[in-house]
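A quick write-up on the structure given underneath.
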Amino acid sequence: MATVQRLNHAVLWVRDATGAAQFYCDVLGFEIEDNLGGGQAIFLHAPGSGNHHDLGLFSRGADALAPQRGSLGLYHLAWQVDTIDELVVIQERLRERNALVGASDHGMSKSLYAHDPDGIEFEVVWMVPRASWEANKTAPLDLAAEVRRWSGTETAAESSQRITA
């Protein structure tokens, strides 16, 4: 049976791809792979990614309408970090830009929610080690307590492995 393996990349319509690319590079550490048409289409990849691009940004112009919460369509993208410590660093970067809009403990993950300059919501997630997953939930995130418990614990490689029964 033919099945997909994983999400390869996402593409977003934004007002200004150059400004949005700068935001994603500054906040999440993406790197620019290609810039086509003088900022009309910019392709970014995460450091260490084997993809040509993980995120594409296409300019729509200053008059493009912002996404409307509650309408149909994509709710958010989730970007994973390797350690809870990296989540703390990104939280500070998001706060500096007034982009942080929420934080949740989901039992198997710890998440920050933010808006990019165009109001597009995204999530930054740290996955708890699989052996410590709790039932899926949404509760307030006590990031300081989670850092005390999990500092230095790397989970990106584990979470990219297939779960076998």
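Spin-label model, VAL147/GLU86: points 7 Å from Cα along the beta carbon direction are separated by 1.7 nm.
Computing FRET efficiency as 1/(1 + (r/R0)^6) for GLU158 and PHE58, where r is the C-beta to C-beta distance and R0 is 41 Å, gives about 0.75.
Amide H contacts for LEU12 (H built 1.01 Å from N in the peptide plane; partners 5 or more residues away or on another chain; cut-off under 5 Å): GLY56, LEU57, PHE58.
Would you please give the FRET efficiency between LEU36 and ARG97, computed as 1/(1 + (r/R0)^6) with r the Cβ-Cβ distance and R0 = 25 Å, to the nearest 0.05? Each step should come with its number before you reach the end.
Working: r = 26 Å, r/R0 = 1.04.
It comes to 0.45.
Using a 10 angstrom cutoff on alpha carbons, build the Gaussian network for the chain and name the most mobile of HIS53, HIS76, HIS45. Per the Cα network of the chain with a 10 Å cutoff, HIS76 tops the list.
Tell me the trypsin sites (Lys or Arg not before Pro) within region 61-138 that lie in a loop according to DSSP and have at most 13 other beta-carbon atoms within 10 Å.
Values: sites: ARG69, ARG93, ARG95, ARG97, LYS110, ARG130, LYS137; in loops: ARG69, ARG97, LYS137.
Within region 61-138, the qualifying trypsin sites (Lys or Arg not before Pro) (loop, at most 13 other Cβ atoms within 10 Å) are ARG69, LYS137.
Which log10 I(q)/I(0) values, to two decimals, does region 9-61 give at q = 0.12, 0.14, 0.23 Å⁻¹ under the Debye formula with one point per Cα? Taken in order of the listed q values, log10 I(q)/I(0) reads -0.20, -0.28, -0.75.
Under 5 Å from the amide H of VAL128 lie the amide H atoms of SER109, LYS110, each residue being 5 or more positions distant or on a separate chain, with H modelled from the backbone and absent for Pro and chain starts. Need one word for region 54-134: rounded, prolate or oblate. Basis is the Cα gyration tensor (sqrt eigenvalues a ≥ b ≥ c); a/c below 1.5 gives rounded, then a/b vs b/c decides. Prolate, since a/c reaches 1.5 and a/b exceeds b/c. Considering only ALA145, ALA66, ALA46, the Gaussian network model of the chain with Cα springs below 10 Å gives its largest mean-square fluctuation to ALA145. Restricting the calculation to Cα atoms, region 87-165 shows an Rg/Rh of 0.99 when the hydrodynamic-style radius is the Kirkwood one. The three principal axes of the C-alpha atoms in the chain carry coordinate ranges of 47, 42, 31 Å, sorted with the longest axis first.
Estimated from helical segments only, the mean residue ellipticity of the chain at 222 nm is -6500 deg cm²/dmol, where each DSSP H run of four or more residues counts as -39500 (n - 2.57). Potential lengthening of the chain between ARG130 and ASP26 amounts to 34.5 nm, from the contour at 0.36 nm per residue minus the alpha-carbon distance. Extension gain, SER49 to GLN5, is 14.3 nm, computed as 0.36 nm per intervening residue step minus the present C-alpha separation.
All of the numbers you see were taken from the coordinates with simple rules; none came from a lab. Only a predicted model underlies this, so the values are computations on that prediction, with no experimental measurement involved. We place every Cβ from the backbone using ideal geometry, glycine too, and count neighbours over all the protein chains shown.
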